[in-house]
Amino acid sequence: MQTWHQKDYQQDTIPGISLDKWYSLNKKKPKSKSIIVAVIDTQIDLNHEDLQGQIWTNPNEIPNNGIDDDKNGYIDDINGWSFTGTKSGGYVVWNRYEYVRIVKDWESLFKNKTESQIGTQDLYKYKEYQRALKTLEEKDKYYQNWLKSLKHSVAIYPLVKDTLKHFFPKEDYTYEQLDSMYKKYKINDKRYRQRRDDNDKDLGALIDYMMGNLEVNEKTLEDIKDKEIQLDSVVNKNLNLNYNERLSIGDNPTILEKGYGNNKVSNTIKGVRTIQDHNTMVSGIIAANRNNSKGIKGIAQNVKVMPLNISPSGDEHDKDITMAIRYAVDNGAKIINMSFGKEFTMHKEWVYEAFKYAEKHNVLLVHSAGNDSQSVDENPSYPSDISYDGSKEMCNNFINVGSITHKLSSTFVSDFTNYGKQNVDLFAPGDKIYTTGAGNIYKTESGTSLAAPMVSGTAALIWSYYPNLTATEVKQIILDSGTAYDLEVLVPGIKDKKVPFSELSKSGKVLNVYNAMQMAEKVSKHKK
């Protein structure tokens, strides 16, 4: 099932995107045109064996001479650009969440003010500030408590291990064995089923502690310490009003400009410990080499990935999103994959203008719908081609993609995916997808981040054979040619609620490469 997403429902009884079917019936197709796909994301593993020959190279730039040879505003941008690159040659690992930045930057305008004190022109920002403030308070409390619990776990772990070793000398206990043991000791004491007190070290509490660790797959002290380090960074960086992630970059995030950041798009930079592999996973789905007999096969062979880095842990800056889109357009990308998202935006007008800029230059934007198990018709999610004020879509070159599983049942729609009859365009496989990973590995992951590149790869395949099509036409072909499934599915995030699958997206369909290529051929011929 590693390649389930490439299968065909009629041939294989698996609801994939019918990629294998198209390739098996089109072995003698004439040579296609090379297409550049910009992947706006994290750093990428440029050395991955399955991406060799698949990475974009700037033909007008002389490597490492310290000169902006092509005068595009970026020095030595050989393979793309890191908009989160630091002056020292590294890259930013932690960003604040956007709601934290909103509270920090807009506090002087709105703190302790009521709605009646706010002018009409600032009312939207005021309401967003209040929403951001509430979110920050809730998240900060949640993560502070979690971090406190982890610190307690680190402190008590040796005692738990020593105590359980008395009962299990080989330390080969399972969750079920511990559960049975727990019930034996505490069967009539319900208080032990509640959150344990920090000073509660009796046998029942210690057993309960280890059961909790096994439940979340934290089996060793190192597992717990790693999680503690991660949570400490969330609390002290992601959620810290006074943390400034732009200091090491040296730019001003409130103005649009070219040239900040650096050209280090790879995650194999010497001295940088944190390895980000999201871009590598996404790029492999689109463009992993189909002819090298290694690893996986990407959707489109004749494609070049342009890695553009904007995504540390936390929320992307609107400035970086905007400048990355403009860079991609100006440097020849036909498709821009954006497998990221956030629930707040400070400078949405910058991003909207970048969308329109892409549309003007016939560039397709593909975006992952998000993994919050909610309707994006009702809950703001950015970047988006709508402004959540009731206005119509601002451009016709944006595709928002949700995720499906391989199970043609009530669980067909991934339980994590966002959805929306108005604002999710279609679905594609995003559950248990086998793809490339940083460090020259292969891995299985899930998320709408993996569904979006299915669409980006398909668009690249379409354009590589039918270059006379417009971005709007390619979008419509992808939506119209999808596979419709007549079944009731569980609505993500709503217990036991079922609706027809067709009600969760605009098209009501699942991406189908074979159908899309057939339709593209017809539309292309009709234009000639």
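The numbers here are math on the coordinates, done by the rules we state, and not lab data. As the structure is a computational prediction, the values presented were derived from the model and not from experiment. FYI the Cβ positions are ideal-geometry reconstructions off the backbone, even for glycines, and counts take in every protein chain you see.
Hey, fewest Cβ within 10 Å first, where do V491, V455, V363 land in order?
Taking fewest neighbouring Cβ atoms as first place, the list is V491, V363, V455.
For Y442, list long-range residues whose amide hydrogen, built 1.01 Å from N in the peptide plane, is under 5 Å from its own amide hydrogen.
Counting only residues 5 or more places away or on other chains, the set is G437.
So what's the back-of-envelope 222 nm ellipticity for the chain, counting only DSSP H runs of four-plus at -39500 (n - 2.57) apiece and dividing by all residues, rounded to 500?
One gets -11500 deg cm²/dmol as the mean residue ellipticity at 222 nm.
With θ set to phi - 60°, apply the Karplus curve 6.51 cos²θ - 1.76 cosθ + 1.60 along the stretch 41-56 and write out the HN-Hα couplings as whole Hz, x wherever there is a Gly or Pro.
6, 7, 5, 10, 8, 5, 8, 4, 4, 8, 10, 5, x, 10, 9, 5
Ranked highest first by the average count of other Cβ atoms within 10 Å around their residues, in what order do 239-249, 477-487 fall?
Values: 239-249: 15.7, 477-487: 18.4.
Descending mean neighbour count gives 477-487, 239-249.
In which sequence would W463, W56 go, from the one with the fewest C-beta neighbours within 10 Å to the one with the most?
Least to most surrounded, the residues fall as W56, W463.
Relative contact order for the stretch 486-528: what is it in percent, counting Cα pairs under 8 Å that are at least 6 residues apart?
Dividing the mean separation by the residue count of the stretch 486-528 yields 23 percent.
Can you tally the net charge around E445? Count Lys and Arg as +1, Asp and Glu as -1, for every other residue whose Cβ sits under 14 Å from the Cβ of E445.
Within the 14 Å Cβ shell, the charges total -1.
May I ask what percent, to the nearest 5, of DSSP beta bridges between residues of the chain are antiparallel? It would help to have the intermediate numbers written out before the result.
On the way: 14 of 44 bridges.
Within the chain, antiparallel bridges account for around 30 percent of the total.
Among [x] 24.9; [y] 24.1; [z] 23.4, which is the computed Kirkwood radius over Cα pairs in Å?
Matching entry in [x] 24.9; [y] 24.1; [z] 23.4: [x].
Can you give the relative contact order of the chain as a percent, counting alpha carbon pairs under 8 Å and 6+ residues apart? All intermediate terms of the calculation are to be shown ahead of the outcome.
Details: 1035 pairs, mean separation 114.2, N = 528.
Relative CO of the chain lands at 22 percent.
Among the listed pairs K134/K475; K33/K294; K237/K342; K407/K509; K141/K264; K258/K304, which have their C-alpha atoms separated by more than 27 angstrom in this model?
Beyond 27 Å between Cα atoms: K134/K475; K141/K264.
Students often check this: by mean Cβ neighbours within 10 Å, which of 58-71, 5-18 ranks highest, and how do the rest follow?
With the highest mean Cβ count within 10 Å placed first, the list reads 5-18, 58-71.
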